[in-house]
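Here the structure is laid out as structure tokens; the discussion comes afterwards.
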Amino acid sequence: MILGAEASAWETKGALITAKEIDQQPRLWGETYEIFQRNQEELKAFLAPLLEKKDLRIIVTGAGSSAFVGDMAVPYMRKHLSYTVEAIATTDIVANPVNYLKKDVPTLLISCARSGNSPESIAAVDLADQCVDEIYHLFFTCNKEGKLNQRATGKNHIFSLLMPEDANDQGFAMTGSLTSMTLSNLLLCHLDELETMKQTVSMIQERGQAYKERILPSIEELVKAHFARYVYLGSSSLAGMARESALKTLELCAGDSTTHYDSVLGFRHGPKSVVNDETLTILYVANDPYTQAYDVDLLKEFAADKKGKVLAVTDAPDEQVSELVDYHYVVGEAPMKDIDDVFLSFPYLLTAQLIALFNSLAIGITPDNPSPTGFVNRVVQGVHIYPYK
């Protein structure tokens with residue numbers, strides 16, 4: 001069974017690959033942890049001389065969903081690493097390298113890439129080599145045959161860590177590749193105490209598995225309302241996840257529904273204008289009590305506005321939240337204690353992936369290939385890379 005149905009049923013709908021790749025993610029998170037365990041000493045040896053540099057700059061980069069890996073992971077990395085850590089998309093670096101690369105600052109460029117073949121992924125590495133005097137590369141990629149992974153062969157300043165084999169998504173939309181690479185960036189902060197992260201990874205696996213199975217019927221029913229607009233909101237790492245959520249829903253419905261994202265506090269400053277009676281707003285509620293207070297304030301505002309529908313996703317039951325919203329999805333029976341909100345991203349993101357999947361089917365689009373004309377492609381095409389002087 002895949003997401004509650006036989007494989008043949010998904011295949012008939014043109015959704016087997018996407019459904020399978022959403023479904024297998026909790027397993028991939030455990031496999032990602034095991035990959036880090038196996039490569040722990042080699043990775044520490046590569047990073048040791050870099051981490052001695054007090055002025056080291058770390059950039060997490062990628063294109064599209066791979067760029068959102070940085071948006072999700074970097075707030076946590078800043079908190080746990082005593083270096084400058086930034087999320088900068090390869091698409092920004094390639095278009096304006098002088099604005100993002102600093103010649104005289106030692107830099108570790110962490111490139112996240114599903115295929116490792118996107119033109120910007122390769123060009124960003126080339127530009128970093130060209131523009132930064134002391135550059136090091138760490139590749140988190142899912143394709144052993146990809147140009148990025150092949151690039152690491154015989155290079156002392158490059159370390160390539162392959163994600164689990166099944167993380168190399170074959171569907172149109174990135175799912176397991178994105179969550180595996182996000183987890184990799186978080187585990188990178190704990191190479192010296194990797195064993196302490198085992199419980200956290202097991203927890204998100206268990207909660208993610210139970211959560212997706214529980215919400216399947218609700219989401220299948222939810223999308224029958226045929227919302228014209230989907231808005232995703234969250235704070236800090238959850239804001240990065242909201243951005244990925246909006247893209248996932250947009251990709252798999254081939255633009256039939258418009259999607260938007262913002263931070264919880266930023267949404268009132270103009271973007272809230274997008275909400276109308278055909279809008280579903282999805283708010284990812286934080287566990288952090290301070291942050292959560294702002295989430296609840298916005299839910300109260302939505303309840304007073306009575307415009308469109310609101311879905312709140314929480315880590316644990318919350319009566320106040322339930323009373324304020326039209327739909328309430330709960331991950332577990334009790335909150336994950338003493339854990340950063342970034343780890344909520346793993347079960348939470350399943351919400352958007354499943355909404356995207358079932359919404360695509362509800363409007364008659366095949367999720368495995370929502371753009372059969374090639375208007376949009378799984379690996380970006382048509383990008384011409386210009387020489388930089």
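The values are calculated or read from the model by the stated rules, or taken from the named source; none is laboratory data. Owing to the predicted nature of the structure, the values given are computational and were not obtained by experimental measurement. No Cβ is skipped: glycine too gets one built from the backbone with ideal geometry, and neighbour counts run over all protein chains shown. Remember, those area values only see protein heavy atoms, side chains included, never the ligands or the DNA or RNA. Shrake-Rupley method; radii C 1.70, N 1.55, O 1.52, S 1.80 Å.
Just one of the listed residues (382, 308) is touching a residue at least 12 places away in the same chain (Cβ under 8 Å) and more than 21 Å from the chain's Cα centre (by Cα), and it is 308.
Residues checked against (1) aliphatic (A, V, I, L, M); (2) touching a residue at least 40 places away in the same chain (Cβ under 8 Å); (3) farther than 22 Å from residue 32 by Cβ:
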site: 205; (1), (2), (3): no, yes, no
site: 228; (1), (2), (3): yes, yes, yes
site: 232; (1), (2), (3): no, yes, yes
site: 240; (1), (2), (3): no, yes, no
site: 253; (1), (2), (3): no, yes, yes
site: 259; (1), (2), (3): no, no, yes
site: 269; (1), (2), (3): no, no, yes
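When we screen 145, 120 for residues that are among the acidic types (Asp, Glu), touching a Ser or Thr at 6+ places or on another chain (Cβ under 7 Å) and on the phi < 0 side of the Ramachandran plot, the only hit is 120. With respect to the stated conditions, residue 338 is open to solvent by 40 Å² or more (accessible area, probe 1.4 Å) and either at positive phi or in contact with a His (Cβ under 9 Å, 6 or more places away or on another chain) (or both). Mind listing just one residue for me: the one in segment 30-70 that is under 16 Å from the mean Cα position of the chain (by Cα) and assigned to a helix (DSSP H, G or I) and, of those, farthest from residue 117 (Cα to Cα)? That would be 32.
The residues of segment 159-201 that are within 25 Å of residue 117 (Cβ to Cβ), of a type in the set (Ser, Thr, Tyr) and open to solvent by 20 Å² or more (accessible area, probe 1.4 Å) amount to a single one, 160.
Checking 235, 263, 245, 273 one by one, the residue that is in contact with a strand residue (DSSP E or B) (Cβ under 6 Å, 6 or more places away or on another chain), of a type in the set (Gly, Ala, Ser) and more than 21 Å from residue 365 (Cβ to Cβ) is 235 and no other. Residue pairs whose Cβ atoms lie under 8 Å apart, sitting 6 or more positions apart in sequence or on different chains, and linking a residue in segment 124-140 that is under 13 Å from residue 155 (Cα atoms) and touching a residue at least 60 places away in the same chain (Cβ under 8 Å) to a partner that is open to solvent by less than 20 Å² (accessible area, probe 1.4 Å) and assigned to a loop (DSSP other than H, G, I, E, B), are 136/106.
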